[in-house]
1. Counting only other residues whose beta carbon sits under 13 Å from that of TRP30, what net charge do I get with K and R as +1, D and E as -1?
2. Report the net charge of residues surrounding PRO66, where surrounding means a beta-carbon distance below 14 angstrom and charges are Lys +1, Arg +1, Asp -1, Glu -1.
3. Placing +1 at every Lys and Arg Cβ and -1 at every Asp and Glu Cβ, with all other atoms neutral, what dipole size does the chain have around its Cα centre, in debye to the nearest 20?
4. For segment 36-139, what value does the Rg/Rh ratio take when both radii are computed over Cα atoms and Rh is the Kirkwood radius, given to two decimals?
5. Is the shape of segment 160-212 rounded, prolate or oblate, going by the alpha carbon gyration tensor and its root eigenvalues a ≥ b ≥ c, with a/c under 1.5 for rounded and a/b larger than b/c for prolate?
6. Output the antiparallel fraction of DSSP beta bridges having both residues in the chain, as a percent to the nearest 5.
7. Note down the magnitude of the dipole of segment 138-196 about its Cα centre, charges +1 on Lys and Arg C-beta and -1 on Asp and Glu C-beta and zero elsewhere, to the nearest 20 debye.
8. Quick one: of the DSSP bridges fully inside segment 34-139, what percent are antiparallel, nearest 5?
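The values are calculated or read from the model by the stated rules, or taken from the named source; none is laboratory data. Just so it is clear, the model here is predicted, and its values are computed rather than measured. Methodologically, a virtual Cβ is constructed for each residue, glycine included, from the backbone with ideal geometry; neighbour enumeration extends over all protein chains shown. We work out accessible area using only protein heavy atoms, side chains counted, and drop any ligands, DNA or RNA first. Shrake-Rupley method; radii C 1.70, N 1.55, O 1.52, S 1.80 Å.
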Amino acid sequence: AHQSLNTPAIGIGLPDVAYYEPCFGVEVEWILMHALEQIRLRSESTYLRLTTMKVDQGLLTLPTEPDGLERLRRGVIEGAYRLIDRSSLDGYDPTENVVHVFACGAVLPEAVLASESLLREGVLANVINVTGPGPLYERYQAMVAASTRGEGDGLGDEFWDALVAPSERSAPIVTALDGHPQALAWLGGVLNERAYPLGVTCFGQSGDPSDLYHEYGIDADSIAAACFGALGI
């Protein structure tokens, strides 16, 4: 990230700017097309924080039916979608063995690896791909504004339910990105659950990405350890 640990917070905080940090190529395509449309409409600018790391595009399986593909595209534009869903597995209990991992950008493959290793240990970790921390936070602020007007808590819509259903909100949250952890730490407040944010809070080191991810605690092993800690294991 070339020490750009604070740019996610800047992207979220700039008015009339939608900050995205996609992981997969198709997400970049969809976001760029959406961004061009927003420019045509003179509604907002778009900031993309990208990576030069090679990412296995096979981690994302695109739906074959048009409706499913459109739901995925909307999730990408709105800021997040569930990439790995463990809710159909036997023994799935949000009060005991479930963690929701919200990961962003280049760190997403590490979250996938962590989920796979946790599954072998009996921990069921859903992985939510945060493609747009900016639009996602804007939705959170809209929820807060609705609450102050007495219009409900804002969590009853289809978008939040698709990410984490009401019946799953007793499970802890782990967030991870290649940037300052504050950029996603607020997700615990959205879902009324404790959050364990991982990210980069200092700089000065150099090395291979795998070494740096381990140093700063955003590699697969660190994400898995945070999930164990969140469950008190």
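1. In short, -2.
2. In short, 0.
3. My answer is approximately 480 debye.
4. 1.02
5. Because a/c hits 1.5 or more and a/b exceeds b/c, segment 160-212 counts as prolate.
6. 15 percent
7. In debye, rounded to 20, segment 138-196 gives about 200.
8. 35 percent
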